[in-house]
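One structure is given here, and the rest of the page talks about it.
The values are calculated or read from the model by the stated rules, or taken from the named source; none is laboratory data. Being a predicted model, the structure only gives us computed values, none of them experimental. A quick note on method: Cβ atoms are made from the backbone with ideal geometry, for glycine too, and the neighbour counts reach across all protein chains shown.
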Amino acid sequence: MYSYSFFSISNLRYSDKTFESLLDNTKDMSINDIYTLISVCLNSKEKKEEIINVVSAQRQIKNNNTLHAIIPQYHTSKCIDDCSYCSFRKSNTHVLRTELNDEDFEKELRLILEWGYTAIEFVYATDTNFSAKRIAERITRAKSIGKSIGKELEIGINAPSLSLDDYKILNDAGVDFVLLWMETYSKDYKKWHPNNTPKSDFNYRIDTFDRSIQAGIKKYAFAILFGLSNWVEDVINLIAHGLYIRKTYGIEPYIIGNPRLKYAMGLSVENSKFIIDDENYIFVNYLFKLIFSETKLFINTRERIDINLELIKGGGDFFTIDCGTFPGAYLNAELIKNGQEQFHTAYYNREKTIALLQENGYKIIF
């Protein structure tokens, strides 16, 4: 399992390699090399732009401005975790608690398929009503519905950290990838995830992808939540985690998410001193693509469309257009933004967003 050592900035040292040599040999960069690259770019907008231009050119050659549409489907807002940045936290007595029953699950799934989607993220809070067996049944049912209308679905599971046996159950059901946002790798993890809840166990969470890969699921997706801790340290530790999986299993990250802390019911975002600004946020996403060139970014509706257009130069990413962060949101338009969602998002009109992307030269694959 993952023997985790937190990389603190105070313990890192500058590499003796030049900026240019680092750009030319990204596959063999050490953590000190990555720290050096970030440090140089923090002090130079020109160096950031150089990385962005290099990565954009590589993406253009490889992907030719192709984007893949993906949509989340929330199955439950009932949660026994108490993450203080999330509306679904158990101590929030004001949020509506509900789960998508089997009938509405199928009804909403068919609607999503009518819209053209074939890549779907099933999202679960830490709800004891949803065992691995029940989630597997939904994967199997969704794949069957897709097949009946001539569509091969790609389904990812964004659920609590599960056991090796549970991931074997999901693998047997045909899950395509596992998403698990690490949130933060720092000592602040406990502050945001109080004790005596499943998610508070950082050591169990950090080994999630070891278990899912050993269960046969070869695609994984991870992220930090920008705003919970020092973003430089979190970025370095996320990259270190990906490099560990590359070295141990020979597997690249399938997806790297990039959520920034946004308002959730009862949360004052302004209380976080760690919010990353737009310029560095854009740069860091290109840094991820520099180091993990085959990885897709998960472009999300937490961000304004102009920010997302900056993130996708060259293509090759998953792009979210429709995004309801509450069970049944697509069955009832009022649930898209009703104050009861997991967090606030920007609303993207599907037709206008697709037209805008096409006007910018992008081809959307549903």
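Computed quantities for the displayed model
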item	result
Failed criterion for GLU233 (all others in (1) surrounded by 17 or more Cβ atoms within 10 Å (Cβ to Cβ); (2) farther than 27 Å from TYR14 by Cα; (3) not β-branched (Val, Ile, Thr) hold)	(2)
Enumeration of residues in region 146-171 that are of a type in the set (Val, Ile, Thr) and surrounded by 15 or more Cβ atoms within 10 Å (Cβ to Cβ)	ILE155, ILE157, ILE169
Scope region 25-44; condition in contact with a helix residue (DSSP H, G or I) (Cβ under 8 Å, 6 or more places away or on another chain) and of a type in the set (S, T, N, Q); matching residues	THR26, THR36
Every residue from region 297-327 that is among the hydroxyl-bearing types (Ser, Thr, Tyr) and outside any loop (DSSP other than H, G, I, E, B)	THR320
Test set (1) at pLDDT below 95; (2) surrounded by fewer than 20 Cβ atoms within 10 Å (Cβ to Cβ) - CYS86 fails condition number	(2)
Where a residue in region 113-140 is closer than 15 Å to PHE177 by Cβ and its partner, wherever it lies, is among the β-branched types (Val, Ile, Thr), with Cβ under 6 Å and at least six apart	ALA119/ILE70; ILE120/ILE71; ILE120/ILE155; PHE122/ILE157; TYR124/THR76; ALA136/ILE169; ILE139/ILE155; ILE139/VAL175
Selection status of LYS289, assigned to a helix (DSSP H, G or I), charged (D, E, K, R) and at negative phi	yes
Answer residue from region 93-145, given it is aromatic (Phe, Trp, Tyr) and in a loop (DSSP other than H, G, I, E, B) and is farthest from GLY174 (Cα to Cα) among those	TRP115
Scan of region 26-47 for residues that are in contact (Cβ under 8 Å) with a residue 24 or more places away in the chain, over 23 Å from the mean Cα position of the chain (by Cα) and closer than 17 Å to LYS289 by Cβ, ordered by number	MET29, LEU37, CYS41, LYS47
Odd one out for VAL235 among (1) of a type in the set (Val, Ile, Thr); (2) over 21 Å from SER39 (Cα atoms); (3) part of a helix (DSSP H, G or I); (4) in contact with a strand residue (DSSP E or B) (Cβ under 9 Å, 6 or more places away or on another chain)	(2)
Which listed residue, of LEU297, LEU287, LEU357, is modelled with pLDDT of 95 or more, surrounded by 21 or more Cβ atoms within 10 Å (Cβ to Cβ), over 30 Å from MET29 (Cα atoms) and out of contact with any Pro (no Cβ under 6 Å at 6 or more places or on another chain)	LEU357
Only listed residue being hydroxyl-bearing (Ser, Thr, Tyr), within 30 Å of ILE239 (Cβ to Cβ), part of a helix (DSSP H, G or I) and modelled with pLDDT of 95 or more, chosen from SER39, SER21, SER56	SER56
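Here's the yes/no breakdown for (1) out of contact with any helix residue (DSSP H, G or I) (no Cβ under 6 Å at 6 or more places or on another chain); (2) of a type in the set (D, E, K, R); (3) over 20 Å from TYR254 (Cα atoms):
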{"position": "ALA119", "(1), (2), (3)": "yes, no, no"}
{"position": "ILE135", "(1), (2), (3)": "yes, no, yes"}
{"position": "ARG138", "(1), (2), (3)": "yes, yes, yes"}
{"position": "GLU154", "(1), (2), (3)": "yes, yes, no"}
{"position": "ALA159", "(1), (2), (3)": "yes, no, no"}
{"position": "SER163", "(1), (2), (3)": "yes, no, yes"}
{"position": "ASP166", "(1), (2), (3)": "no, yes, yes"}
{"position": "GLY174", "(1), (2), (3)": "no, no, no"}
{"position": "TRP181", "(1), (2), (3)": "yes, no, no"}
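The rows are residues; the columns are (1) closer than 22 Å to LEU113 by Cα; (2) in contact with a Lys or Arg (Cβ under 6 Å, 6 or more places away or on another chain); (3) of a type in the set (Ser, Thr, Tyr); (4) part of a helix (DSSP H, G or I).
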{"residue": "ILE157", "(1), (2), (3), (4)": "yes, no, no, no"}
{"residue": "PRO160", "(1), (2), (3), (4)": "no, no, no, no"}
{"residue": "TYR167", "(1), (2), (3), (4)": "no, yes, yes, yes"}
{"residue": "ASN171", "(1), (2), (3), (4)": "no, no, no, yes"}
{"residue": "LEU180", "(1), (2), (3), (4)": "no, no, no, no"}
{"residue": "TYR185", "(1), (2), (3), (4)": "no, no, yes, no"}
{"residue": "LYS190", "(1), (2), (3), (4)": "no, no, no, yes"}
{"residue": "ASN196", "(1), (2), (3), (4)": "no, no, no, no"}
